[in-house]
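In what follows, a single structure is set out as structure tokens and then discussed.
Every read-out reported here was derived from the displayed coordinates using simple, explicitly stated rules and does not represent laboratory data. Here the structure is a predicted model, which is why all the values come from computation and not from measurement. Virtual Cβ from ideal backbone geometry, glycine too; neighbours counted across all protein chains shown.
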Amino acid sequence: MEQQAMDMRAYKEMKGVMGNVLKELIETFIEYMPGQLDDLNSAIEKHDTELVFGIAHRIKSSSNSIGALGLAETAETIELLGRAGKTEGALEHFSELGEQLTEVTTFLEQELKSLNTA
């Protein structure tokens, strides 16, 4: 079974642990990720496997930290391609990554609104 982009159980656990830091973490994630996606796309197009590996690794780590386990899983797939010195197939996974990021960002923006009104 494919992992959902945002794992609600993981997010709720993290939310309970993070407390007041959560808002800042969400804001940073929302601000940081579009640029990372742009950089990853550029690295894939240039067939720069070292850069693909590094950027995908950062996306995976950031996604795990916010509970976006499905997003992290897709990033890891791209990371492993880069580690293996390949970019073949990376664009297909990149497309999925973009869709998942949109889903996660939409959820996090709603969460941020609820945190701001709480």
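Observations, loosely collected:
- Around the Cα centre of region 23-112, unit charges on the Cβ atoms of Lys, Arg, Asp and Glu (plus for the first two, minus for the last two) sum to a dipole of about 280 debye.
- Distance between the pseudo-spin-label points of residue 51 and residue 3 (7 Å out from Cα toward the beta carbon): 2.6 nm.
- Over region 10-118, relative contact order from alpha-carbon pairs under 8 Å, at least 6 apart, %: 28
- Proxy reagent accessibility, fewest Cβ within 10 Å first, across 22, 40: 22, 40
- The longest part of the chain holding none of the exposed loop trypsin sites (Lys or Arg not before Pro), meaning those outside H, G, I, E and B in DSSP with at most 16 other Cβ atoms within 10 Å, is 1-45.
- Axis of helix 8-18 versus longest Cα principal axis of the chain: the two differ by about 60°, to the nearest ten degrees.
- Between region 20-80 and region 96-118, the Cα center-to-center distance that results, in Å: 15
- For the chain, the longest principal axis of the Cα atoms and the long axis of helix 69-83 meet at an angle of about 20 degrees.
- Between the Cα long axis of helix 21-45 and the first principal axis of the chain there is an angle of about 10°, rounded to the nearest 10.
- Options 57, 93, 72, ranked by Cα towards positive dipole end of region 23-112, top entry (Cβ charges): 57
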